[in-house]
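Some notes on the structure that comes next.
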Amino acid sequence: MEQIIFGKRDAIGLCVVGLLARGHILIEDVPGIGKTTLAQGLARSIDCEPSRIQFTNDMLPTDILGVSILNPHTSDFDYREGPIFANVVLADEINRTPPKTQSALLEAMSEFHVTVEGKTRMLPEPFMVLATQNPIEYEGTYTLPEAQLDRFLLRVEIGYPIEDDELRVMRRHSPQKALANLEPALTARQVVDLQNFVRTVQVEETVARYMLAIIKGTRNSPHVRLGISPRGSMALYEACQANALLDGRDYVTPGDVKSMAIPVLAHRLLIKSQSGPLSGTSRDREIVLTEILESVSVPT
């Protein structure tokens, strides 16, 4: 992936953590920073079936899930699968579609299957949603509901590149040729095997209780209106296991917890609107979470 996204090893690492932990990723940053390229790079780095959904304000749930169409030759209805039936689904500008259509992804992201016309249909394995959104443009957009945000294991920011990396981007002109030449690093079977192995990574009890202390801190903070749910604590646990494996270890350290806390937890917090200088932005949630991390003693 670093062949197409220059100098963003941390963002790429978070995407790989999300893949290993069987999670979904929300890539949120300003336009032109490489959100779509990052998602496409991850999809092409795996020898899996990718699909892209360009969300618009007139999109319907059937555009994602699929629909049954009358076959004139058999007089039966044939089900046509929607783009959700892929290993890696790129949901581009997910906040540009109404909540009704956004909610079509909820069952897929939680249960790894969809229910269409009363019939449950399993999604391929592995399955992952990579969603992008622009946090500063509000015209023609719809805020993602909390239930939707809670389904994303990680929220990733890319940020502006340093000068030398941006010069490489300028000289390359377009990432499409590099994307086309990107060779898969893993097969679908290898991805599933790694995902299964992540669950065997050891988490010592003091480290697990350290995670719970951070979670409890979000529920007791005077700045937080809604703290982290048990789904969020499970997400932190699994992300730390995946991060340890990515670092070549079969055990989780407090350092894994610290590095994963903000990407996993910040987007799940609801900040009180009358918290002094805090207004509930992504940066404010990170500030509150950083204060909580500093207040919790680290196990040694």
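A short reminder: the numbers here are calculations on the coordinates, not readings from a lab. Everything numeric here is computed off the predicted structure, so don't read it as measured data. Positions of Cβ are generated from backbone atoms using ideal geometry, with glycine treated the same way; all protein chains shown enter the neighbour counts.
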Using the count of nearby Cβ atoms within 10 Å as a rough guide to exposure, how do Arg285, Arg219 rank from fewest to most? Arg219, Arg285
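GluC sites (Glu not before Pro), restricted to segment 1-101: which are DSSP loop and have at most 12 other Cβ atoms within 10 Å?
Values: sites: Glu2, Glu28, Glu81, Glu93; in loops: Glu2, Glu93.
Answer in residue order: Glu2.
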Principal axis box of segment 141-300, alpha-carbon based, largest edge first, Å: 50, 39, 30
How big, on average over all directions, is the shadow cast by the Cα convex hull of segment 9-190, in nm²? 12.3
Antiparallel bridges, percent of DSSP beta bridges restricted to segment 9-190 (to nearest 5): 35
Among Leu70, Leu246, Leu130, residue whose mean-square fluctuation peaks in a GNM of the chain (springs only between Cα atoms under 10 Å): Leu70
So which chymotrypsin sites (Phe, Trp or Tyr not before Pro) in segment 74-108 end up in coil per DSSP with only 13 or fewer other C-beta atoms within 10 Å? none
For segment 200-295, what's the relative contact order in percent, using C-alpha pairs closer than 8 Å and at least 6 residues apart? 32
Within 10 Å of each residue's Cβ, count the other Cβ atoms and sort Cys240, Cys48 from fewest upward. Cys48, Cys240
Taking 30 Å as the cut-off for C-alpha to C-alpha distance, list the pairs among Lys8/Lys100; Lys8/Lys177; Lys8/Lys258; Lys100/Lys258; Lys119/Lys272 that go past it. Lys8/Lys100; Lys100/Lys258; Lys119/Lys272
Centre separation in Å (Cα based) which lies between segment 207-266 and segment 1-25: 18
Restrict the search to segment 24-80; then list the trypsin sites (Lys or Arg not before Pro) that DSSP places in a loop and that have at most 10 other Cβ atoms within 10 Å of their Cβ. none
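What percent do you get for the relative contact order of segment 9-190 when only Cα pairs under 8 Å and 6+ apart count?
34
In what sequence do Val207, Val264 fall when counting other Cβ within 10 Å, fewest first? Could the numbers behind the result be given before it?
Details: Val207 20, Val264 31.
Listing Val207, Val264 from fewest to most nearby Cβ atoms yields Val207, Val264.
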